[in-house]
Amino acid sequence: MTLPQHDLCLIVDFGSQVTQLIARRLREIGIYAEIHPFQTVTVEALAKWKPKAVILSGGPASVVHEDSPRPPREVFELGVPVLGICYGQQVMMEMLGGKVEGGKISGGGGTAEFGRAYVEPVGDLALLDGWFEAGREQVWMSHGDHVSRLAPGFDVFGTSPNAPYAITADPERRFYAVQFHPEVHHTPKGATLYANFARAAGFTGDWTMGAYREEAIEKIRAEVGDAKVICALSGGVDSSVAAVLIHEAIGDQLTCVFVDHGLLREGEADEVVAMFRDHYNMPLIHAEEQDRFLDALDGVSDPEVKRKTIGRLFIDVFQDHADRIEGVEFLAQGTLYPDVIESVSFSGGPSATIKSHHNVGGLPEKMGLKLVEPLRELFKDEVRALGHELGLPRHFIGRHPFPGPGLAIRCPGEITREKLAILRRADAVYIDQIRRHGLYDEIWQAFAALLPVRTVGVMGDGRTYDYACALRAVTSVDGMTADYYPFTHEFLGETATRIINEVQGINRVTYDITSKPPGTIEWE
Ligand code: XMP
């Protein structure tokens, strides 16, 4: 997967929860970084990858245990800078001749430590240029063990009350070891430390989305040749960016299939078709299959049955349309880097964690297609940057995620065309409110759900008996955990009034304040 044009910073993963953040901090400053689980970092792999620098991540193991994970000793013989973080620091010390001890939970001088700490400087170190301007720096610690004796050649350059060896280095060999996590936001000068490390390694910062675009286009052309490619375009950021990039590479050899399952939001289908067919001039099949989906969903109220029905039909529809295009050899997918990073597992080998929804129902195998996945090297924020680079409008790139089963899972219970029409309107008014108040980009995902209950209300002189709707808005980083968004009461009141006045069929509005866990973001 490594792009040979770019100098590589290799991140050896020992299983820290925040390893991905190391790669992201580096990518943000134009350094190409890849994460590999420690088991896969062999001498042969090092020879192949030729990293320009190596970072040893944190991890849950203890180097005090004999069978704890280690990188190959050759990592220290490459002649490139090495940065050890937390567990990585301890591994480094142990392997280079120092000593590590298990942590005591209380008391001074090298104990277990979790949370904010302050480091003070000891001497000068280029890795810390820009640090200590205000005397001390805040860092984030999370460790049980600690280094009790430095390896030969190392000196101390920063200490904290509980971590006498908070920052150590052997500047001549360009080996650096820190006890804290510079990749997390709670270490405010962490990015500076990574920039200094990259400078010590001689990186030029050539990893930009402008350069990526050019290289990816060349790569797609070489991979695809004269063959045809199909792409299931959902209108989401990943498939949209993938489609535009591939179209730029191979033009009309790409056909996009946009499956309209009748569960889209207001104006969504028109917007996608206008953008890709009219603006980008792409061959686009607008598969208007609303009836096929909604008929199959008639009377279905179980969420899992809804999902399975939609998933199965999606594959059938996509296949029907794709079969009509001659000479198709490739299926384009918007798979991202977090989906292909192998995770560290201590029981046995590294486990692949490719998410199943990125390989819808085994479609490529079923149709005998090869895959083109031009976003495999990118994090989500890089995909957005690439989208800007390719000229996709800002409001399109910044859109909240929308689930494949669409409004079906925002309409608990049985779905009807009438309910979908009401939900679409309510959702549109709600999102309009959020945009008008300038809140859209602060919120990770927001939508309305139509509840399967009717309640009594009074409007004018008349009694109403209409649906209740729930509004949902969450903040999140990756959708795995989420908090409800704290709208003001004024905003909620104004939005409820607008929905009840503007949406026929709703006479009651509620706001969902459940976090995830224990709730999920969607209602089904
Ligand atoms: P939950 O409801 O599980 O949602 O907290 C987490 C994130 O995943 C999205 N989601 C889906 N996306 N197919 C998708 O493509 C699905 O079946 C699906 N279910 C949930 C949801 O919108 C949220 O962003």
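The values are calculated or read from the model by the stated rules, or taken from the named source; none is laboratory data. Values in this document were obtained by computation on a predicted structure and should not be read as measured data. FYI the Cβ positions are ideal-geometry reconstructions off the backbone, even for glycines, and counts take in every protein chain you see. Calculation scope for accessible area: heavy atoms of the full protein, side chains included, ligands and nucleic acids excluded. Shrake-Rupley method; radii C 1.70, N 1.55, O 1.52, S 1.80 Å.
Given a 1.4 Å probe and the protein chains all in place, what does the accessible area of Arg199 round to, in Å² to the nearest 10? Only protein atoms counted, so the area is about 140 Å². Shape summary of the stretch 209-397, radius of gyration then Dmax from alpha carbon positions: 17.1, 52 Å. For the chain, the carbon plus sulfur part of the accessible surface works out to 51%, probe radius 1.4 Å.
Protection proxy ranking of 434-440, 247-253, by the mean of other Cβ atoms within 10 Å over each peptide's residues and highest first, is 247-253, 434-440. Run the Debye formula on the Cα coordinates of the stretch 152-244, all scatterers equal and no solvent, and tell me log10 I(q)/I(0) at q = 0.15, 0.16 1/Å. Cα-only, vacuum Debye calculation for the stretch 152-244: -0.78, -0.82. Over the chain, DSSP H runs of length four or greater, each weighted -39,500 (n - 2.57), average out per residue to a 222 nm ellipticity of -9000 deg cm²/dmol. Estimated at 0.36 nm per residue, the fully extended path between Asp155 and Glu442 surpasses their Cα-Cα distance by 98.9 nm. Under the convention that each Lys and Arg Cβ holds +1 and each Asp and Glu Cβ holds -1, the size of the dipole of the stretch 209-397 around its Cα centre is about 400 debye.
Dividing the convex hull volume of the alpha carbon atoms of the stretch 416-511 by its residue count gives 105 Å³ per residue. Among the GluC sites (Glu not before Pro) in the stretch 13-69, those placed in a DSSP loop whose Cβ has at most 14 other Cβ atoms within 10 Å are Glu66. The slack in the chain from Glu120 to Arg73, taken as 0.36 nm per residue of separation less the alpha-carbon distance, amounts to 13.8 nm.
Rounded to the nearest 10 degrees, the angle from helix 190-201 to the longest Cα principal axis of the chain is 60 degrees.
Using the Stokes-Einstein relation with a Kirkwood hydrodynamic radius computed over Cα pairs, the translational diffusion coefficient of the chain at 25 °C and a viscosity of 0.890 mPa s comes to 95 µm²/s.
Modelled this way, with points 7 Å down the Cα-to-C-beta line, the labels at Val453 and Thr488 are 3.0 nm from one another.
Highest-first packing order for the peptide set 9-17, 86-94, 128-136 is 86-94, 9-17, 128-136, based on the mean count of other beta carbon atoms within 10 Å. Annotation: for a label point projected 7 angstrom from Cα along Cα→Cβ of Val64, residues of the stretch 177-193 with backbone N closer than 18 Å are 179. For the stretch 8-201, the solvent-accessible area with a 1.4 angstrom probe is 39 square angstrom per residue. Taking Lys370 as the anchor, which aspartates and glutamates have their alpha carbon closer than 16 Å to its alpha carbon, excluding any fewer than eight residues away along the same chain? Answer for Lys370, where 16 Å is the Cα cut-off: Glu223, Asp226, Asp323, Glu326, Glu329, listed by chain and number. Look at where the Cα atoms of the stretch 150-206 and of the stretch 116-139 average out, and the two centres are 10 Å apart.
Couplings for the stretch 279-295, taken from phi via the Karplus curve 6.51 cos²θ - 1.76 cosθ + 1.60 with θ = phi - 60°, read 6, 8, 6, 8, x, 9, 9, 8, 7, 7, 10, 3, 5, 4, 6, 5, 5 Hz in order; Gly and Pro are left as x. Computed from Cα atoms, the angle from the helix 19-28 axis to the main principal axis of the chain rounds to 90 degrees. Extension gain, Ala47-Gln17: 0.36 nm per intervening residue step, less the Cα-Cα distance, totals 8.0 nm. Counting only residues at least eight positions apart within a chain, or on another chain, the lysines with an alpha carbon under 20 Å from that of Lys48 are Lys219.
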